[in-house]
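Chemist: Quick one: the structure is below, questions incoming.
Since every read-out is calculated from the coordinates, none of them should be taken as a lab result. Treat the numbers as computed from the prediction; the structure is a model and nothing was measured. So basically every Cβ, Gly included, is an ideal-geometry build from the backbone, and we count neighbours across all protein chains shown.
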Amino acid sequence: MEQFIEDYWQLRLVATQEQLEINNFDTVIVQSAKEAAQFVMDKVLPESQAQSVSFGGSMTLNSTGLMDSLAGVDGLKVISPNMPNISLEEKMEIRRQALLVDLYLTGSNAVTETGSLVNLDMIGNRVGALTFGPKKVVVVVGRNKIVPDLETAMYRIKDYAAPTNAMRLSCKTPCVKTSECADCNSPGRICNTWTITEKSFPKGRVTVILINEELGL
């Protein structure tokens, strides 16, 4: 990549990091998804002394390979909401159990340069865990999720992230056919619960890993 592009992103990442830290988020900048995984395994996991872990749906998180790495840790209970061949009722129960783990991993639909996390969820388990429950939360974010402010974050999510995620998940919603939000009443609607996390409480409960790569939607 050209150096001037690297310089541009480094400045934006540092500025966003500073605002997140003002808002009580522990924040680190890494250069790749692999480095994000190493940070969790080498620093977050031992410092949190987590004995149980779970995660929310996130393409960015998937790109780190963290779930496979955590599955190999002796004595660590991994509560996976993606177990195959289980009923919807069992999946929902696993998601409820995930709200009480020591460490929860997820992504974010957008991060504002003013230091807030903005998310829109279907079921609510991901944003529920971000808000309350797990003792420690780690949010992995590609640089493409950085936006100037709340208004831009919400527009990005509704205009791009939600329709593309609906397509990825083969949802039966109007946006899959049109690429545009219709504020639909479809049973498969994935846009149900907004959360705006302006500050981490308690301080440092949420760690944001800003990744200097374009990841996720």
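Chemist: Just for the Cα atoms in the chain, what are the lengths along the principal axes, largest first, rounded to whole Å?
Modeler: Taking the Cα atoms of the chain, the three principal extents are 44, 41, 32 Å.
Chemist: From the phi of every residue in segment 191-200, what ³J(HN,Hα) in whole Hz does the Karplus formula 6.51 cos²θ - 1.76 cosθ + 1.60 yield, where θ is phi - 60° and glycine or proline is x?
Modeler: Once θ is set to phi - 60°, the couplings for segment 191-200 become 9, 10, 10, 8, 9, 10, 9, 7, 8, 8 Hz.
Chemist: Determine which residues of segment 187-217 fall in the zone a paramagnetic label at GLN49 would reach in this model, i.e. backbone nitrogen under 20 Å from the point 7 Å along Cα→Cβ.
Modeler: Within reach of a label on GLN49: 202-207.
Chemist: What list do you get for SER58, SER87 if you sort them by fewest beta carbons within 10 Å? Kindly include the intermediate steps, with their values, before the conclusion.
Modeler: Values: SER58 21, SER87 8.
Neighbour counts put them in this order, fewest first: SER87, SER58.
Chemist: Using the 10 angstrom Cβ neighbour count as an exposure proxy, how do PHE201, PHE132, PHE39, PHE4 rank, fewest first?
Modeler: Values: PHE201 13, PHE132 10, PHE39 20, PHE4 7.
Arranged by neighbour count, lowest to highest, PHE201, PHE132, PHE39, PHE4 become PHE4, PHE132, PHE201, PHE39.
Chemist: Quick query: amide H of VAL138 versus all other amide H atoms, modeled in the peptide plane; which residues come in under 5 Å with a sequence gap of 5 or more or a different chain?
Modeler: Distant-sequence amide H within range of VAL138: TYR104, LEU105, THR106, THR207.
Chemist: Next question. Between beta-carbons, use under 13 Å as the cut-off and find the net charge around CYS171, counting Lys and Arg +1, Asp and Glu -1. Don't jump to the answer; show the numbers that get you there.
Modeler: Numbers: positive: ARG168, LYS172, LYS177, ARG189; negative: none.
That sum, taken over residues with Cβ under 13 Å, equals +4.
Chemist: To continue, here is another question. Could you pull out every one of the lysines with an alpha carbon less than 25 Å from that of LYS172, ignoring same-chain neighbours closer than 8 positions?
Modeler: LYS91, LYS158
Chemist: Still on this structure, I have one more. Calculate the FRET efficiency for LYS203 and MET167 from the Cβ-Cβ distance with a Förster distance of 25 Å, rounded to the nearest 0.05.
Modeler: Efficiency, rounded to the nearest 0.05: 0.05.
Chemist: Kindly provide the helix-only [θ] at 222 nm of the chain, computed as the sum of -39,500 (n - 2.57) over DSSP H runs of four or more divided by all residues, to the nearest 500 deg cm²/dmol?
Modeler: Values: 10 runs with 79 residues, N = 217.
Rounded to the nearest 500, the figure is -9500 deg cm²/dmol.
Chemist: Explain nothing, just compute: Karplus ³J(HN,Hα) = 6.51 cos²θ - 1.76 cosθ + 1.60, θ = phi - 60°, for every residue of segment 205-212 in order, whole Hz, x for Gly and Pro.
Modeler: Working through the residues one at a time gives 4, 9, 9, 9, 9, 8, 9, 7 Hz.
Chemist: Rounded to whole Hz and in sequence order, give me ³J(HN,Hα) for segment 68-82 from the Karplus expression 6.51 cos²θ - 1.76 cosθ + 1.60, θ = phi - 60°, writing x for Gly and Pro.
Modeler: 5, 5, 5, 5, x, 7, 4, x, 9, 7, 9, 9, 9, x, 10
Chemist: In a shell of Cβ-Cβ distance under 13 Å around LYS34, excluding LYS34 itself, what net charge do Lys and Arg (+1) and Asp and Glu (-1) give?
Modeler: Details: positive: none; negative: GLU35, ASP42, ASP68, GLU213.
Value of the local net charge: -4.
Chemist: Here's another thing I want to ask about it. Residues with beta-carbon under 13 Å from that of ILE5, excluding ILE5: net charge, scoring Lys, Arg +1 and Asp, Glu -1?
Modeler: On the way: positive: ARG12, ARG143; negative: GLU2, GLU6, ASP7, GLU213, GLU214.
Surrounding charge for ILE5 is -3.
Chemist: Test of understanding: ordering ASP68, ASP74 by Cβ neighbours within 10 Å, fewest first, what list do you get?
Modeler: Numbers: ASP68 10, ASP74 4.
Result, fewest neighbours first: ASP74, ASP68.
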